[in-house]
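Notes follow the structure.
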Amino acid sequence: MAIRIVSLVARLGLAAVWLISGGLKFLDPMQTKIAVRAYQLLPESLVGPVATALPLVEIVLGLLILVGLAVRVSAAVSVVILTVLIAVIISVWARGLSIDCGCFGGGGVADVGAWDYLKEILRDLGFMALAVWLLVFPRSPLALGPGSRAAFSVDTQPSVAR
């Protein structure tokens, strides 16, 4: 029962991360484009499509995880996306760029240092831990998906010592 409660908390936490992150980016598409461009990793022709798609993917992931549909698949996609985000933060840090990651809105050139990048990486590793938990233990209460659903229940059978 405790594992299912932890899975519920992980599900709600990861859903909140994706919904807030995607929602903030979706509400300010120009700033999201500035943030994507600041990484200096994509050709200009891909900056717009990535800046448009990323918030939508995050919102869809957040909604799926929130309602408990395709939790294991959504968690796997979350791990992949978070791995890419961590890699691009490491890339920016290694190249000596000074940008705000834009992970929760904003983004672009900023006065940041090594500690800022390390905090972002550690934060994303924490989010990844939630996703990995859901990969292993996708079942939780209040989930709608048949492979994700688990009821709140208490074992009513007394344990008998022999």
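The values are calculated or read from the model by the stated rules, or taken from the named source; none is laboratory data. These numbers come from a predicted model, not from an experiment. Every residue, glycine among them, receives a Cβ derived from its backbone with ideal geometry; neighbour counts consider all protein chains shown. These area figures cover heavy atoms from the full protein model, side chains too; ligands, DNA and RNA do not enter into them. Shrake-Rupley method; radii C 1.70, N 1.55, O 1.52, S 1.80 Å.
In Å, the Kirkwood hydrodynamic radius of segment 65-128 over pairs of distinct alpha carbons?
So the Kirkwood estimate lands at 12.7 Å.
If I fit a long axis through the Cα atoms of helix 2-27 and take the longest principal axis of the Cα atoms of the chain, what angle between them do I get, 0 to 90°, rounded to 10?
It is inclined by approximately 30 degrees.
Tell me, what ³J(HN,Hα) does each residue in segment 55-65 have, in order and in whole Hz, if you take phi through Karplus 6.51 cos²θ - 1.76 cosθ + 1.60 with θ = phi - 60° and put x for Gly and Pro?
x, 5, 4, 5, 5, 4, 4, x, 5, 4, 5
Once you have the Cα-Cα distance between Val136 and Phe104, take 0.36 nm times their residue separation minus that, and quote the gain in nm to one decimal.
Extending this stretch completely gives an extra 8.8 nm.
Scan around Leu97 for amide H atoms under 5 Å from its own, H built in the peptide plane at 1.01 Å from N, and keep only partners 5 or more places away or cross-chain.
none
Specify the angular offset, from 0 to 90 degrees and rounded to the nearest 10, of the alpha carbon long axis of helix 71-94 from the longest principal axis of the alpha carbons in the chain.
That works out to roughly 30 degrees.
Going by average Cβ neighbours within 10 Å, how do the peptides 52-58, 5-11, 33-39 rank, with the highest at the top?
Ranked from most to least packed, the peptides come out as 33-39, 5-11, 52-58.
Can you send over the carbon and sulfur percentage of the accessible area for the chain, probe radius 1.4 Å, protein chains only?
73 percent
Compute the helix-to-body angle for 29-38: its Cα long axis versus the longest principal axis of the chain, expressed 0 to 90° and rounded to tens.
Taking Cα atoms only, the helix is inclined about 70 degrees.
Any chance you could get the radius of gyration and Dmax over the Cα atoms of the chain, in Å?
Both quantities, over Cα of the chain: 18.5, 71 Å.
With each run of n ≥ 4 DSSP H residues scored as -39500 (n - 2.57), what mean residue ellipticity at 222 nm is computed for the chain after dividing by its residue count and rounding to the nearest 500 deg cm²/dmol?
Rounded to the nearest 500, it is -23000 deg cm²/dmol.
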